[in-house]
Each structure stands twice: as structure tokens, then as C-alpha cells.
Amino acid sequence: MITPEENYKIRIAEPKDSENVCDLVNSVYRGDNAKKGWTTEADLLEGIRIDINKVNEIISSENNVLLLITDQDKVIGSVHLEKKGSKCHLGMLSVDVNYQNRGIGRLLMDKSEEYAKTEFRCNKMEMKVIGQRKELIDYYLRRGYEITGEKEPFIVNSHFGAPKAAGLYFEYMVKIL
């Protein structure tokens, strides 16, 4: 868990952060390094999770924000929030595998929910999780999210990677803020 002596800071990503965010997200979700952490998709998908153009697009897009958590100047966590009317979509929650299991993901989730309520003025947080990621779904259930029953087929696109397994789908989850 996070201890008071640790000096983490949370801030909004700027264009100068794009490369660090891209590297972090790809290292957490894919490849050999990702297999050290519990949030990996490396067994389900290959290729990159996001490219720098998509990160730049998110940073510069209206109704989007990337929250970062840093340890000194190193980006160790990020999360993407997108305002969609009265709902906020949470995606790409990433914590450096060397910092996992310290409460950083929980802190990012708490700050995301706070931001969605106060800055975006949303009353619901939604997300979609690959349905085969049961440990991740269980984590979000423990954080107060509920499975909506809505499912969406996994569609291959240029910035999300290619499936290694057949039948991938997204499960929608929501939390009242």
C-alpha cells in the first residue's frame, strides 16, 4: 500500500508526456515485461496496445484527459477518462509492473472517479473489459463496479493489437458516482 513517505504526484498529461505514456501502457499490457504484472493481456493479444499518435489524440481531444501518477519525474501510472454526456468512460488504467500491488491503481481509480464527478460533472463511470480477463473484472467488482450484461465483440484496429485467441469480447461495467 502507499505509505505517507512516498512522494507520488497526480497530474494531467501534457503533449511532452506522450512518449512516456505510450511506453508505460505498452509495457503494462503487452510483451514479456507485461507478464511480470497481473494486468497483462500478452496471452490474449499481440502487438502494441497504443501508439503515440493515439496518445497525442487523447491528450489534445476535448472531453478527454489522461491522469498520470509520477514518482519524482517518472510516469508510473496513467488512466484515460472520456466524458460522454453524463457518463465518464474509464480506460487504459496502467501501473508500471514494478509498482503494482502498492495501492497505485486504487489511487488512480479514486482520483478518476473524483475527476469525473467534479470536473466532468458525470454521475456514472463506465468501462469495458475484455471478458476473458476474470481477475480484472473481479478487481473492478471489488471497487464497486457492476457488470451491465452488455457485451461487445472485440474489433481489431490499428492501435489496439491483434487477437491471439478466438472469441474475445468486451464486458461493460458501470459504477454510480
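Taken together, the values in this text are just the output of simple stated rules run on the coordinates, not laboratory data. Note that the coordinates shown come from a computational prediction; the quantities given were computed from them, not determined experimentally. Neighbour counts run over all protein chains shown; Cβ positions are idealised from the backbone, glycine included.
Order 17-24, 50-57 from most to least packed using the mean count of other Cβ atoms within 10 Å.
Values: 17-24: 19.0, 50-57: 17.4.
So the order, starting with the most tightly packed, is 17-24, 50-57.
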Item to complete: Can you tell me the FRET efficiency between K117 and N56 if r is taken as the Cβ-Cβ distance and R0 is 25 Å, rounded to the nearest 0.05?
Response: 0.40
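If you add up the charges near F120, with Lys and Arg at +1 and Asp and Glu at -1, over every other residue whose beta carbon is less than 13 angstrom from its beta carbon, what do you get? Mind showing how you got there, number by number?
Working: positive: K83, K84, K87, K111, K117, R121, K124; negative: E62, E82, E113, E114, E119, E126.
After counting each charged neighbour, the total is +1.
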Worksheet item: Given C-alpha coordinates of region 57-140, what is the ratio Rg to Rh with the Kirkwood estimate of Rh?
Response: 0.97
Practice prompt. Using packing as a proxy for protection, rank 166-175, 7-16 so that the peptide with the highest average count of other Cβ atoms within 10 Å comes first.
Written response: 166-175, 7-16
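Students often get this wrong, so check it: of K54/K111; K9/K164; K111/K164, which have C-alpha atoms separated by over 29 Å?
Values: K54/K111 23 Å; K9/K164 36 Å; K111/K164 33 Å.
In this structure, K9/K164; K111/K164 lie more than 29 Å apart at Cα.
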Worksheet item: What net charge do the residues around V55 carry, taking every other residue with its C-beta under 13 Å from that of V55, with Lys and Arg at +1 and Asp and Glu at -1?
Response: -3
Fill in: Pairwise label distance in nanometres, K134 with E152, each label 7 Å out on the Cα-Cβ vector
2.5
Worksheet entry | 10 Å binning of all Cα-Cα separations within region 8-176, expressed as whole percents from 0 upward | 10, 40, 42, 9, 0
Fill in: Contour minus Cα-Cα distance for Y8 and N63 (0.36 nm per residue)
17.3 nm
